[in-house]
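The values are calculated or read from the model by the stated rules, or taken from the named source; none is laboratory data. These figures come from a predicted structure and were not determined experimentally. Cβ coordinates were reconstructed from backbone atoms using ideal geometry, including for glycine residues, and neighbour counts include every protein chain displayed. For accessibility, only protein heavy atoms count, side chains too; no ligands or nucleic acids. Shrake-Rupley method; radii C 1.70, N 1.55, O 1.52, S 1.80 Å.
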Amino acid sequence: MKIQYPQELPITHYRSEILKALSKNNIIVVCGETGSGKTTQLPKMALECGCGANGRKIACTQPRRVAATAVAERVAKELETETGKDVGYQHRFDKKISDETKIKFMTDGVLLSETLHDPLLEQYDAIIIDEAHERTLNIDFLLGILKRISTKRKNLKIIISSATLDTEKFSKFFFDAPAVVVPGRLFPVEVSYLLSDDEENMDLPKEVQRAARSLPDDVDTLVFLPGERDIRETLDCLKRDIHLSKSEIIPLYASLPPGEIQRSFKTLSKRRIILATNVAETSLTIPGVKAVIDSGLARISRYIHRTHVQRLQIEPISRASARQRAGRCGRIAPGKCIRLYSEESFNSRDEYTPPEILRSSLAGVILTMLELRLGSIDAFPFIDPPKATSIREGLRELIELGAIARDGRGEETHLTKTGRALAKIPLEPRLARMLIEASKLGTLPNVLPVVAAMSCDNPVKRPLDEKEKADREHAKWRVKDSDFLCTLELWKWWEEKSSALSATQLRKTALASYLSYPKMREWRELVTRLKSLCMRLKLDTQSNNSSPDLLHRSLLPSLLGKIGKFDSEENEFRGAYGIRFQIHPSSVLSKSFKPKKQFSKKPFTKNTQGKTKVPAEWVMAGELVDTSRLFAREVTRIDPSWIEPAAGELVKR
């Protein structure tokens, strides 16, 4: 191998400084702006420094598998070797490495899993954590693990690579490690804003089309969109445009086959318009890009405390992410970035996206730590330690789900059989428990849209000045005694409309029915993803028992903390952990419970099928919302005889 560095990359001019810092220190922090070349050149510098010798490798982590594959191929080409020999890669679905491999690119999840059988990561003499600024859970786990390892392996070189200027935090965390700052783009970027009448409900493909047409015909353009569905719709829209159809329109997202991904890296004689998710924000550098169109949106995972649910929702990106996207042009010539939102919107956004651990369910974090045998969460060296109250809440949730148990002395916590099953499902534990239970009861097809709805924003709109009209429209899927069944009826109604109508007609139908079209679309996409996940995990997606009782019983083990019995004396419900709540006015059950003097002598009601009688005073809620008082949303009546089998040892006798 011949180590050479491209002179056009800014990091090349800092090679001596980085090599000097690496030779004198075991840990260094490199802050390289977008396009500086840090991802491809740092592994070569580690190699030049003497790492990757004596049978050991240089590990380079990436948050996404598409980046691990693409960067490995790029570095192999620069070193004039084949991918899989001196330079290789590994991710969850594929690997190309050999005994000769000196530089190994991998997803951070792969390196994390390797700590199970190689706790000190002895097969590596250098480890590069790239894109550390993304602060995913896996990255934070690796940072803590490497801090522990660094005190035991004095010969291990560690490079923390970040694309933002928050280097001081990384430096302090790693014992005041020295930091090297490398500039990014070489040319100025002009930023402009395209205003939409309604940013929340704007027609994104049309806005991209308008922006693309405003740019010169020979300018390669990178478009940032929130998801695959948006990419497909925009692709169709641009291909129908006579002014843009002659351009090469290329999709780019993580789940594409490798051959399709490579199309983005090939410059052509005609204009390229690359439609990408945030995978192109930092992990991949697309050559030849002179313009960026930024939707200002991304799918961001966030834990909603009031519902105890992790949501992967589309929301505005941070200012730092917006600057990262703008920085993707201006590397080879002056660039132009068109933001599909207002300057006021940009200025109102957070400076940085919060670390994933601060927007995640700690139940999921604790579950992962127990599976990886990382020890107690309150003793683990997190760069941003979670609060003690959040840890207690996470532990309580896992106990409630039957995922963990303590030893005979009540000290050591370990995974139960249910916990081990939940740990294998890449989903928030509470929702994963619902899927497992629904599979057991043979009602998974009905539970999937309900679980997905709990992970999305409510698509139902009820404007203050049109409440009566909205209520009349919503009555089409209103079901007595269960908000969950209302959700299922709405799903069935929307599925029928989706099969019969075009996208334009669906938008009009949603508007007329007081529904948010983007949120309905997001819900439908999530159901599709959940179904694919269940099939991959070999859960029973074929059995389709339509019994409402079985649907509710599938949800119950995950919602034991949100059950309640009506107290007719106080006109409220007594719930678990001593809480008291009332049913929210938006629920179909809001007017079903009356104080003692009005209460029926026979508090029983027929269920929606009219087959069995259910005691009226017991309910289960999907969420508890604390506003003027504690309200239960998404409520259904339940049979109390279901509770003890679902709760098991949690029941106090």
>> Among the listed residues 621, 632, 616, identify the single one that is under 26 Å from residue 475 (Cα atoms), modelled with pLDDT under 80 and of a type in the set (A, V, I, L, M, F, W, C).
In response: 616
> Do you know which of the residues in segment 1-57 that are assigned to a loop (DSSP other than H, G, I, E, B) and polar (S, T, N, Q) is farthest from residue 131 (Cα to Cα)?
Replying inline: 54
> Taking segment 515-571 as the search range and keeping residues that are in contact (Cβ under 8 Å) with a residue 24 or more places away in the chain, touching a strand residue (DSSP E or B) at 6+ places or on another chain (Cβ under 7 Å) and farther than 22 Å from residue 495 by Cβ, which one is surrounded by the fewest Cβ atoms within 10 Å (Cβ to Cβ)?
Replying inline: 565
>> Quick check on my filter: what residues within segment 281-314 are in a strand (DSSP E or B) and modelled with pLDDT under 90?
In response: 299, 300, 301, 302, 303, 304, 309, 310, 311, 312, 313, 314
>> If residue 322 satisfies all but one of (1) at pLDDT below 80; (2) closer than 26 Å to residue 350 by Cβ, what's the number of the condition it fails?
In response: (1)
> Of (1) touching an Asp or Glu at 6+ places or on another chain (Cβ under 9 Å); (2) crowded, with 24+ Cβ neighbours inside 10 Å; (3) free of Cβ contacts under 8 Å to residues at least 40 places away in the same chain, residue 72 satisfies all except one. Which?
Replying inline: (1)
> Only one residue in 254, 276 is without any contact (Cβ under 8 Å) to a residue 60 or more places away in the chain and under 25 Å from residue 74 (Cα atoms). Which one?
Replying inline: 276
> So which residues in segment 479-508 are in a helix (DSSP H, G or I), open to solvent by less than 30 Å² (accessible area, probe 1.4 Å) and either touching a helix residue (DSSP H, G or I) at 6+ places or on another chain (Cβ under 9 Å) or more than 30 Å from residue 639 (Cβ to Cβ) (or both)?
Replying inline: 484, 485, 486, 487, 488, 490, 494, 498, 506
>> Return the residues of segment 111-138 that are part of a loop (DSSP other than H, G, I, E, B) and either open to solvent by less than 20 Å² (accessible area, probe 1.4 Å) or among the basic types (Lys, Arg) (or both); say none if nothing qualifies.
In response: 115, 121, 130, 131, 135
>> Restricting to segment 357-393, name every residue that is touching a residue at least 60 places away in the same chain (Cβ under 8 Å), open to solvent by 40 Å² or more (accessible area, probe 1.4 Å) and within 20 Å of the chain's Cα centre (by Cα).
In response: 368
> Any idea which of 228, 207 is open to solvent by 40 Å² or more (accessible area, probe 1.4 Å) and over 30 Å from residue 21 (Cα atoms)?
Replying inline: 228
